[in-house]
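Data block below; observations after.
The values are calculated or read from the model by the stated rules, or taken from the named source; none is laboratory data. From a predicted model like this one, the values you see are computed outputs, not experimental measurements. Please note: Cβ atoms are built from the backbone with ideal geometry, for glycine as well, and neighbour counts cover all protein chains shown. Just so you know, the surface numbers come from the protein's heavy atoms only, side chains and all, with ligands and any DNA or RNA stripped out. Shrake-Rupley method; radii C 1.70, N 1.55, O 1.52, S 1.80 Å.
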Amino acid sequence: MLARMTSEPEQQIGVGTQDAFQRLWTPHRMAYIQGENKPSGPGADDGCPFCTIPAKSDEDGLVIARGERVYAVLNLYPYNGGHLMVVPFRHVADYPELDEAETAELAEFTKRAMTALRTASGAHGFNIGMNQGTVAGAGIAAHLHQHVVPRWGGDTNFMPVVGHTKVLPQLLADTRAMLAAAWPA
């Protein structure tokens, strides 16, 4: 298949009229749209990916760092390169359900994530937050997770605004290795 690859765009017949737009196909997003890897229910045994990731190797699970109560993992469907999440090992849905030690380690891992992202990628700023509940936008509402999204000046360009497409410059496995190496002790 690679032998056929060319740097020239391939004409695709039947995709619409010529309008001078280039198309960037992102078929991997269909898994997210169709709900692949979403739990079948609210319990830890209902296919929760945040409960199964810790049993995988760091490389296979895209885990950046592990603590006693939480871990940092790359988002499979990132808003920006380096978009990661801090996730408690314990299957809880709501922020007030965390105990004091979990809350403290979640906060500490968020700080470490920011430091690692600044070190590894020179992030200028961050969007940090939790979507609590499906109505608030949580893709996996049954297991609490905090997003840490690195931002850079000028990172919002025409692609997401006009094309509704995010271009990511690095494979997730490479991003995981880079951030794991930069993770502060």
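Is at least one residue of segment 81-96 in a helix (DSSP H, G or I) and under 16 Å from A181 (Cα atoms)? Talk me through it step by step, then tell me what you get.
Taking segment 81-96 first, the residues in a helix (DSSP H, G or I) are 95-96.
Applying the additional criterion that residues be under 16 Å from A181 (Cα atoms) yields none.
Among the residues of segment 81-96, not one is in a helix (DSSP H, G or I) and under 16 Å from A181 (Cα atoms), which makes the answer no.
How many residues does segment 116-146 contain that are part of a helix (DSSP H, G or I), out of contact with any helix residue (DSSP H, G or I) (no Cβ under 6 Å at 6 or more places or on another chain) and open to solvent by less than 30 Å² (accessible area, probe 1.4 Å)?
Qualifying residue count for the region: 1.
For segment 46-101, give me the residue count where each residue is open to solvent by less than 50 Å² (accessible area, probe 1.4 Å), over 13 Å from the mean Cα position of the chain (by Cα) and closer than 17 Å to V148 by Cα.
Final tally of qualifying residues: 5.
Conditions first: (1) modelled with pLDDT of 95 or more; (2) more than 20 Å from I53 (Cα to Cα); (3) among the aromatic types (F, W, Y). W152 passes all but one, so which condition is the exception?
(1)
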